[in-house]
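The values are calculated or read from the model by the stated rules, or taken from the named source; none is laboratory data. Remember, predicted model here, so these are calculated numbers, not experimental data. Counting neighbours? That spans all protein chains shown, and the Cβs are built from the backbone with ideal geometry, glycine included. When the accessible area is computed, the model is the full protein with side chains, heavy atoms only, and any ligands, DNA or RNA have been set aside. Shrake-Rupley method; radii C 1.70, N 1.55, O 1.52, S 1.80 Å.
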Amino acid sequence: MPRPFHLEGAEQLSVTPSESVRRGAERELEMLESLLALGGLVLLRDSVEWEGRSLLKALIKKSAACGEQVHILGCEVSEEEFREGFDSHVNSRLVYHDLFRDPLNWSKTGEALPEGPLGALRAMCRRTNPGPVTIALDSLSWLLLHLPCTTLCQTLHALSHQDSCPGNSTPVEPVHVLGLLHEELHGPGPVGALSSLAQAEVTLSGAMGQASAHILYRRPRQRPTHQTQWFSILPDFSLDLQRGPPLELQRHPDPHTPPVDPTTQLTFNLHLSKEEKEAKDSLTLPFQFSSEKQQALLRPGPSQATSRIFYEPDAYDDLDQEDPDDDLDV
């Protein structure tokens, strides 16, 4: 029988290891469910150091496990590589729209999407199934390179605001749009435009080799809320939520790296030698009022001549004998 361990606090609680694992799984589901609960666009912003495709696949697995049909617009990796790591149940729920193999339909084999990326996005807007649907875009960066930013934003807005099927007034389930964005490839304009469309925005970063997700939620009629989660993604694309490193280690991520001395590359000397210090101390500066100066000013010697100024006007000098301020009542 597993041995329970105790948590210290106001009330003693007995928690077995199995219960700890269950609570960790519940916290994992809370993070994934909170990202998918709002509907609309979930924007995943990654970087070269912290990739976001694994988190995208974790969200896809969560949607497939809930019975949703998942449409994937694959632009950067092949279908075989994208499906790798999913079990048969998840793969059966995926519909892969391949833009990686032949994005411009040059081969004319009929396998590629004839209308290109924009046609594929518009086809996803024409829903025929009222059930819940998740659309994953891998990636928005690729689409930004082939479509105008305004066109992509308008299409994303149409994707995430589908209230009914064409020709049918029956309301449908909200659409979850998952968009992966390589933030370092774009300027502030496109990133800001896509960010304004997102209901949830995840910025991936990390410290000490541990990934973190800074999540911004924009719920209707509520103030935006922020949350930070530290996690790792397992080979089966399950999330393992973890505690973040201490703040001291986050400020100094590598304690083995020696600190850089900012004075090593200077073009001047910050320190004085012994001789230089003695010369500096013995020097009397011009603005210093020493006792010798005071005595010289108060008691001038007999040999000191009185100074006088001689002025000889020039021929072109304008000498006005009148007072220039004579008209002023001063």
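Near E84: Cβ cut-off under 12 Å, other residues only, Lys/Arg at +1 and Asp/Glu at -1. The net charge is -2. Ordered from highest to lowest accessible area with the whole protein assembly present and a 1.4 Å probe, C153, C66 read as C66, C153. The listed peptides 176-182, 208-214, 76-82, ordered by packing as a protection proxy, come out as 176-182, 208-214, 76-82 (highest mean of other Cβ atoms within 10 Å first). Note down the net charge around Q199, summing +1 for each Lys or Arg and -1 for each Asp or Glu among other residues with Cβ under 9 Å from its Cβ. So the environment of Q199 carries a net charge of +1. S238 contributes an accessible area of around 20 Å² to the protein surface, as traced by a 1.4 Å probe with all chains present.
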